[in-house]
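Engineer: Handing you this structure, nothing more for now.
The values are calculated or read from the model by the stated rules, or taken from the named source; none is laboratory data. Computed from a prediction, not measured in an experiment: that's the story for all the values here. Virtual Cβ from ideal backbone geometry, glycine too; neighbours counted across all protein chains shown. Quick note on the areas: whole protein, heavy atoms, side chains included, nothing else; ligands and nucleic acids left out. Shrake-Rupley method; radii C 1.70, N 1.55, O 1.52, S 1.80 Å.
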Amino acid sequence: MSLSRTDQRLAVVREDGTVAATDLALGTAPDLLPDLGTDNLLATYSANGRLLFVAKRSGETLVWDTAQRK
């Protein structure tokens, strides 16, 4: 689980390995990020909240641009 320092976005790696993110200020339901796959262990935001780093079970790390959603 990771909370962005610059805004109220929360990212969570769920039990099934998928990643969901939500904007706590808006109170919206979590949005699944299917492009990140289902074998994730950890997610954390960069200091400025622009990037989401996702650690995979394989040891690979993905970098997700939160604004461009890719």
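Engineer: What is the local net charge at Val63, summed over the other residues whose Cβ is closer than 15 Å to its Cβ (Lys, Arg +1; Asp, Glu -1)?
Structural biologist: Once positives and negatives cancel, what remains is +1.
Engineer: With every protein chain present, what is the per residue accessible area of the chain (1.4 Å probe, Å²)?
Structural biologist: 63
Engineer: From the square roots a ≥ b ≥ c of the eigenvalues of the alpha-carbon gyration tensor of segment 1-49, which class results: rounded (a/c under 1.5), prolate (a/b over b/c), or oblate?
Structural biologist: Numbers: a/c = 2.38, a/b = 1.43, b/c = 1.67.
Judged from the Cα gyration tensor, segment 1-49 comes out oblate (a/c at least 1.5, b/c at or above a/b).
Engineer: If I stretch the segment between Arg5 and Asp65 completely, what's the gain in nm (0.36 nm per residue apart, minus their alpha carbon distance), one decimal? Don't jump to the answer; show the numbers that get you there.
Structural biologist: Numbers: separation 60, 0.36 × 60 = 21.60 nm, distance 1.55 nm.
Using 0.36 nm per residue and subtracting the Cα-Cα distance, I get 20.1 nm.
Engineer: A further question follows. Please report the carbon-and-sulfur percent of the accessible area for the chain; probe 1.4 Å, protein heavy atoms only, DNA, RNA and ligands left out.
Structural biologist: Here it works out to 54 percent.
Engineer: To the nearest 20 Debye, how big is the dipole of segment 1-54 about its Cα centre, given +1 on the beta carbon of each Lys and Arg and -1 on that of each Asp and Glu?
Structural biologist: That gives segment 1-54 a dipole magnitude of about 260 debye.
Engineer: Same structure, new question: If you count, for each residue, the other Cβ atoms within 10 Å and average over each peptide, how do 55-65, 13-23 line up from highest to lowest?
Structural biologist: 13-23, 55-65
Engineer: Another one. Determine ³J(HN,Hα), in whole Hz, for all residues of segment 11-17 in sequence, where each value follows from phi through the Karplus function 6.51 cos²θ - 1.76 cosθ + 1.60 and θ = phi - 60°; x replaces Gly and Pro.
Structural biologist: Rounded to whole hertz, the list is 10, 9, 8, 7, 3, 7, x.
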